[in-house]
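> Attaching a single structure in structure tokens format; questions to follow.
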Amino acid sequence: MTAIANWQPVDSTDFRSDAPAMPIRTSQALSAALAFLATSTAHAQTLSTDTLSPDSAQQPKWEAGVAGVALTVPDYPAADENRTLALPAPYFIYHGTTFRSDDEGSRLRQKLTPNVELSLSGGGALSSDSSHSDARRGMPDLGYLVEVGPNLRLVFDGPRPKSKWVIDLPLRAVSSLKDFDLRWRGMIVAPEFAFQSKHFLDQRMDLRVALGAEIGSTLLQRYFYDVQPQYVTPDRTQYSASAGYLASSLAATVNYRFTKKLRGFVSLEYDNYAGAANTESPLYRANDGYSAVIGCSWSFLQSREFAEE
């Protein structure tokens, strides 16, 4: 989830690049992909259609565009069924000194040192229809998730030019939104270690690889794994979930700039739930899962003013 994971535009991610929720904890893949979309559009001001100059990393202060995305994700964490979606998504990027909405998500930030940043960031998650899930059929749908909280980010130079190591240490409050009803769903801790490289194989390509983990509070775990008496069936026993480890993930995202306005991205994520706190829940159906996202973006509006670091 961490995410649609900083305001994870969906997680989501945040659409996020330097990171970082879909109740569908696989939103990290979508978040990362859309965040990389932000990275690529941020470069568009200085790119020609056919070539990329060495100074193309200069970013316009703001940018707007639209993306088309196709994805496949598990119905919920540790589900044994996936679903496939296709959707359009407008996006807006802003590179302000204090407030930013970019490849690292949407956040209020304060640099403590050149390598340490404290920010207020968030994530989001798509809803899940229980009628389409064998495990949850007859139970309430999972609503959209909204995450907000502080994040401590550590950044270190990478082994190659225009690359870096990033450690994110977020703590976020989680709420669900369903039929305009916003409800508190507990807390999540989602540390992540990532490698990011711009101009990875050529000047048009960016790469991000991330290893993350998620630990959820009792309320959040109950949201996914509780089975109340009224929802018991011959194949679904009553269960009360507890706080603890939720999942680990390994994700990779590639972003490619075809022209100064058209870009594409692909993101793959593997999630492992083995050893999670609620493996005894009848809703826990698989020890691992995957998600995949593919999409393209078109940038139609950019500022003439460039961003400051």
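The values are calculated or read from the model by the stated rules, or taken from the named source; none is laboratory data. The structure presented is a predicted model; accordingly, all values stated were derived computationally and were not measured. Note: ideal-geometry Cβ built from the backbone for every residue, glycine included; neighbour counts use all protein chains shown.
> Testing S217 on (1) of a type in the set (G, A, S); (2) under 22 Å from the mean Cα position of the chain (by Cα); (3) surrounded by fewer than 17 Cβ atoms within 10 Å (Cβ to Cβ), one condition comes back false. Which one is that?
(3)
> Continuing with this model, one more query. Among the residues that make up the range 170-181, is at least one of them farther than 16 Å from N115 by Cα and part of a loop (DSSP other than H, G, I, E, B)?
Yes, some residue in the range 170-181 is farther than 16 Å from N115 by Cα and part of a loop (DSSP other than H, G, I, E, B).
> In the range 157-165, is there at least one residue being among the hydroxyl-bearing types (S, T, Y), farther than 29 Å from T72 by Cβ and modelled with pLDDT under 90?
no
> Further question: Please determine, by comparing only the residues of the range 77-97 that are at pLDDT below 90 and not in a strand (DSSP E or B), which one is nearest to M139 (Cα to Cα).
Filtering first and then ranking leaves G96.
> Does the range 189-203 contain at least one residue that is aromatic (F, W, Y), more than 21 Å from S163 (Cα to Cα) and outside any strand (DSSP E or B)?
Looking only at the range 189-203, we keep the residues that are aromatic (F, W, Y), and these are 193, 195, 200.
Right, trim to more than 21 Å from S163 (Cα to Cα) and you get none.
Within the range 189-203 (the criterion being aromatic (F, W, Y), more than 21 Å from S163 (Cα to Cα) and outside any strand (DSSP E or B)), the answer is no, since none of the residues qualifies.
> Out of everything in the range 133-145 that is surrounded by fewer than 21 Cβ atoms within 10 Å (Cβ to Cβ) and not small (G, A, S), what residue ends up being nearest to Q238 (Cα to Cα)?
M139
> May I ask you to verify whether A194 is over 22 Å from L220 (Cβ atoms), within 14 Å of the chain's Cα centre (by Cα) and at pLDDT 90 or above? Steps first, answer last, please.
Numbers: over 22 Å from L220 (Cβ atoms): yes; within 14 Å of the chain's Cα centre (by Cα): yes; at pLDDT 90 or above: yes.
Considered against the rule, which asks whether it is over 22 Å from L220 (Cβ atoms), within 14 Å of the chain's Cα centre (by Cα) and at pLDDT 90 or above, A194 comes out as yes.
> Separate question: Condition first: basic (K, R) and within 30 Å of F258 (Cα to Cα). Now tell me which residues in the range 195-234 satisfy that. Steps first, please.
Narrowing the range 195-234 to residues basic (K, R): 198, 204, 208, 222.
The answer is K198, R204, R208.
> Still on this structure, please answer the following. If you take the residues in the range 278-309 that are over 17 Å from R83 (Cβ atoms) and of a type in the set (A, V, I, L, M, F, W, C), which one is modelled with the highest pLDDT?
C296
> Would it be correct to say that R204 is of a type in the set (K, R), surrounded by 19 or more Cβ atoms within 10 Å (Cβ to Cβ) and within 29 Å of N151 (Cβ to Cβ)?
No, not satisfied.
> Another question, then. With (1) at pLDDT 95 or above; (2) of a type outside the set (F, W, Y); (3) farther than 22 Å from T253 by Cα; (4) loosely packed, with under 15 Cβ neighbours inside 10 Å as the list, and L154 as the residue in question, which single condition is left unmet?
(3)
> Tell me, yes or no, whether the range 236-243 has at least one residue that is closer than 30 Å to R160 by Cα, in contact with a helix residue (DSSP H, G or I) (Cβ under 7 Å, 6 or more places away or on another chain) and not aromatic (F, W, Y).
Within the range 236-243, not a single residue is closer than 30 Å to R160 by Cα, in contact with a helix residue (DSSP H, G or I) (Cβ under 7 Å, 6 or more places away or on another chain) and not aromatic (F, W, Y).
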